[in-house]
1. So the check is Cβ under 7 Å with 6+ separation or different chains; which pairs have a first residue in region 245-268 that's surrounded by 15 or more Cβ atoms within 10 Å (Cβ to Cβ) and in a loop (DSSP other than H, G, I, E, B) and a second one that's among the charged types (D, E, K, R) and modelled with pLDDT of 75 or more?
2. If you go through region 147-159 one residue at a time, do you hit one that is assigned to a loop (DSSP other than H, G, I, E, B), in contact (Cβ under 8 Å) with a residue 60 or more places away in the chain, closer than 25 Å to Val306 by Cβ and in contact with a helix residue (DSSP H, G or I) (Cβ under 9 Å, 6 or more places away or on another chain)?
3. Which residue is nearest to Cys359 (Cα to Cα), if the candidates are limited to region 170-184 and must be without any contact (Cβ under 8 Å) to a residue 12 or more places away in the chain and either assigned to a helix (DSSP H, G or I) or small (Gly, Ala, Ser) (or both)?
4. List the helices (runs of 4 or more DSSP H) inside region 62-141, counting only whole elements, that have at least 1 residues being aromatic (Phe, Trp, Tyr) and over 29 Å from Ile50 (Cα atoms).
5. Within region 269-307, can you find the residues that are outside any helix (DSSP H, G or I) and polar (S, T, N, Q)?
6. In the list Ala384, Ala411, which residue meets the criterion of being small (Gly, Ala, Ser) and either within 24 Å of Met180 (Cα to Cα) or modelled with pLDDT of 90 or more (or both)?
7. Here is a list of conditions, (1) without any contact (Cβ under 8 Å) to a residue 12 or more places away in the chain; (2) not in a loop (DSSP other than H, G, I, E, B), and Ile420 meets all of them except one; can you say which number that is?
8. Is it the case that some residue within region 110-122 is closer than 19 Å to Thr372 by Cβ and modelled with pLDDT under 85?
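The values are calculated or read from the model by the stated rules, or taken from the named source; none is laboratory data. All values reported here derive from a predicted model rather than from experimental measurement. Cβ: placed from backbone, ideal geometry, glycine included. Neighbour counts: every protein chain shown.
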Amino acid sequence: MLETIVNFLNALLWGKLLVYGLVGAGLYFTVRLAFIQLTHFKHGIKIMSISRQGGADGLSSFQVFCTSMAARVGAGNMAGVAVAIGTAGPGAVFWMWAIAVLGMATAMIESTLAQVYKVKDEDGQFRGGPAYYMEKGLGQRWMGVLFSLFLILAFGLVFNAVQANTITGAMERVFGFNPMYVGIGIVIASAFVIVGGLRKVAKVSEIVVPFMALAYLLIALVVVIFNIEKLPDAFMLIIKSAFGWQEAVAGGVAYSVAQAMQAGIARGLFSNEAGMGSAANVAASASPNPNHPASQGFVQMMGVFVDTLVICTATAAIIILAGDMGGESDGIKLTIDALTSHVGDWGGAFIAFAILLFCFTSIIANYSYAETNVMFLSGNRKKALPLFRLAVLAMVMFGSMAKIGLVWDLADVSMGLMAIVNMVALVLLSGLAVRVINDYREQLKNGDMPVFDRSKFPELEGQVETDIWPDDVQSQAAKS
């Protein structure tokens, strides 16, 4: 009975509501921001180049970027892409690209809002995210509480169990390791990082994420170089499959296009998380450079680009260039087989190692998202964190050894509901977000270094922390 209800809710959320809602929101925000992901893409790269510089009260934008990428980049970038291609054809890749471009605008909106409404906890660390802008911007704490509970259940507990399960499954399949011992190792490593809190998570992510991403992209590049003569045909196959141009049978075309769209959009949204409100939790923790909320929006916008248009595309290239894409339901097996066909038996060991790094960093980054929401529920005090950390480690050990299919489905429901709550808040606050982003662009156009002046936005009076975002009078007083 429970399984039937969960399956129904997942089909409703991920098959219809979220796909249409997030795509619609991405289009809406793209138009309202005048296609900022295209017109200001070069500026996004420039912001990334100076993102290591941050203030004393927060993490650097680069640390936040790496932490959000640690959560985004996981088994889904390898297994999820493979499942989409195996069940809906290469055309799914095109629709993953399309939703990523739209999602860049959504990420810009939610990360800008997270910065506007951020606060300081008792240690002086910046905290923020959807729960905070729901309470402070909309005056609806109940929405923030609901969002926090959904996120803590999905990201803090269940997804971490699933990530641990993925690691132990790969280690057992490739190397024959005992899942219990692998699980103990994951728990010890996770405890070492998460006990240090958000800053420790960011420092570890800053080291591991660039290394793991570059290693994976390097392998994909080698595969592409060895198969360079096949590349034009592979690209045309993706385009033709996306629009059904390779089918000649009437009726089969519409079905093929619909399948490619649904699979590509769903996997793209699931991978880059734009609009779900997850990455916005850590986006608020940055001291952005320049010191303006929209600056961090550009950083998170680039995160969506790297996740889907770079890393997911790398997986797609490995699979499509291997030429075997038919009907494989076990996504990670399809990826392993494809890479093995390109580079030999060590390809399987490489994928297992990649999964170890991808999933471990997802565990610690997911924890950081949940930690911020635990802080929100406890009034930005840390008293509840020790017990929550024990619960996270217990779920990691449980996931290492258990069969957790139904639990995973429950987490999907929780994440879907979390995304819906966030999307409502984003639409309601989008007017303010667009004006804040346009303020940044106007200063940039005038040749100035953008700085956020609260007095330009009178509706923020009493809603934001004045010591974080002063008005122009306070800024001048501080300089004198």
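1. Correct list of pairs: Gln246/Lys240.
2. No, the conditions are met nowhere in region 147-159.
3. Glu172
4. In region 62-141, 91-116 are the helices (runs of 4 or more DSSP H) which contain 1 or more residues that are aromatic (Phe, Trp, Tyr) and over 29 Å from Ile50 (Cα atoms).
5. Ser278, Ser285, Ser287, Asn289, Asn291
6. The conditions single out Ala411.
7. (1)
8. yes
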